[in-house]
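All remarks here apply to the structure that follows.
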Amino acid sequence: MSERQIQLEVLRYNPETDSEPHFQTYSVPCLNEWVVLDALNYVKDNLDPTVAYRWSCHMAVCGSCGMMVNGEPKLACKAFIREYSDNIRVEPLVHFPIERDLVTVADDFMEKLTRIKPFIIPKEQRPVSAGEYKQSPAELLTYKQYTLCINCMLCYAACPEYGSQPEFIGPAAITLAHRYNQDSRDGGRDQRQEVIATHEGVWICSFVGACSEVCPKHVDPASALQQVKVASTVDWYKEHLMPWGKK
Amino acid sequence: MSRKPYVREFANTTWFFRQARYMRYIGREVTCIFIGAYTLLLVCAVMRLSEGQAAYEAFLEALRSPASILFQLVALAFALYHTFTWFNVTPQAMPIQRGEEFLPGSIILGAHYGGWVVLSLVVLFLAGVF
């Protein structure tokens, strides 16, 4: 296995001693198979145990290790060293406050995720004895892609609209709202529309499309948001031009 | 231990230089200005037409000036860029599901480009080109 020395620049910020972040460079001997997360783990284990970052699964499932790698939102566990030059710069995801080093404050995203009610709201209460909710493969297909979101927040770091207007509900949360709205077992669309069919909801989105380009799970949030716009526009026309019609 | 999160400022005027994809987005958005400008030119044409034959012919003559031709070429190029970039994202914006499959994006794209060609031919026909 081949080895090469890389210079890993890490944005450091210690809230107890620093007034602003600064870069610290570590020289890391990397194997060709390594990802950026391996390099960070090497630093933590061998060079500097004070470096703080989030990670868990090391296989692009948990969504914890999102960070900027050479200015691009990436999962550190999916960013292969061999695809970069010998100088790699890692920073915490942009558009989020820095808690410490590469750890961001995710409170804003978590609050927005809660607001869109990311769970099935049954159309009507049924006793367990009524049996399971049946769903056809075609009904599953309408939302399956959007279930793959791992809440890694890369799409928020990629979205300039979220950066400039932090009140934006944002790509992942609106996509998840769309996922439940599309689910044939769900009856909560009206409740979610109150949150997402608003200015700070889907109408801040100007279809930059960066969210879909950086999504490590190919969820395509931009697609979900445009579909929410179309459906919300149809709602508006139905309400104003056909007040006798059912929404 | 008290928390002291550090908030990084968002560069409101320079953010689009950060990544090539943002430049492509800005390109798509900015080109609409030229479509708007050309629309104003068409409004001027209607106004001149309403003022009589002499006014309209003077307007047509002005359209043949080098500056006007340059403007029309630039507007055409930007209108094409604007159209292509928007058409190319239509499969994302309006996926069509048929049973247990999604219609291939190429069909949605093809329908848009086909419609564009047909409409353009109709306009050219009405303009007496054929």
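What follows is calculated from the coordinates using simple rules that are stated; it is not laboratory data. Please read these numbers as outputs of a predicted model, since none were measured by experiment. As a convention, Cβ positions derive from the backbone with ideal geometry for all residues, glycine included, and neighbour counts pool all protein chains shown.
Brief remarks on what is shown
- Exclusive hit being of a type in the set (D, E, K, R) and touching a strand residue (DSSP E or B) at 6+ places or on another chain (Cβ under 7 Å), set A:101, A:45: A:101
- Residue check for residue A:162: in a helix (DSSP H, G or I) and over 14 Å from the mean Cα position of the chain (by Cα): no
- Top-ranked residue of the range B:87-117 - restricted to ones that are among the β-branched types (Val, Ile, Thr) and under 17 Å from residue A:230 (Cβ atoms), ranked as nearest to the other protein chains (Cβ to nearest Cβ): B:89
- Verdict on residue A:60 being out of contact with any helix residue (DSSP H, G or I) (no Cβ under 9 Å at 6 or more places or on another chain) and either surrounded by fewer than 20 Cβ atoms within 10 Å (Cβ to Cβ) or within 22 Å of residue A:98 (Cα to Cα) (or both): yes
- Comparison of B:84, B:59, B:16 shows that the only residue that is away from chain A (no Cβ under 14 Å) and surrounded by 15 or more Cβ atoms within 10 Å (Cβ to Cβ) is B:59.
So that you can scan it fast, the table gives a plain yes or no per residue for (1) farther than 30 Å from residue A:207 by Cβ; (2) of a type in the set (S, T, N, Q):
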site: B:8; (1), (2): no, no
site: B:17; (1), (2): no, no
site: B:32; (1), (2): no, no
site: B:46; (1), (2): yes, no
site: B:52; (1), (2): yes, no
site: B:59; (1), (2): yes, no
site: B:65; (1), (2): yes, yes
site: B:68; (1), (2): yes, yes
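- Applying the condition of being within 14 Å of another protein chain (Cβ to nearest Cβ) and assigned to a strand (DSSP E or B) to the range A:96-128 and asking which residue is surrounded by the fewest Cβ atoms within 10 Å (Cβ to Cβ) yields A:103.
- When the criteria are applied in full, residue A:137 meets the requirement of being within 14 Å of chain B (Cβ to nearest Cβ) and surrounded by fewer than 19 Cβ atoms within 10 Å (Cβ to Cβ).
- Enumeration of residues in the range A:194-231 that are more than 12 Å from the chain's Cα centre (by Cα), buried (at least 18 other Cβ atoms within 10 Å of the Cβ) and outside any helix (DSSP H, G or I): A:197, A:201, A:205, A:207, A:208, A:209
- Residue in the range A:29-42 that is among the β-branched types (Val, Ile, Thr) and within 14 Å of chain B (Cβ to nearest Cβ) present: no
- The residues in the range A:69-94 that are of a type outside the set (D, E, K, R), assigned to a strand (DSSP E or B) and under 13 Å from the mean Cα position of the chain (by Cα) can be counted, and the count is 2.
- Qualifying residue in the range A:229-237 (condition: acidic (Asp, Glu) and touching a residue at least 60 places away in the same chain (Cβ under 8 Å)): no
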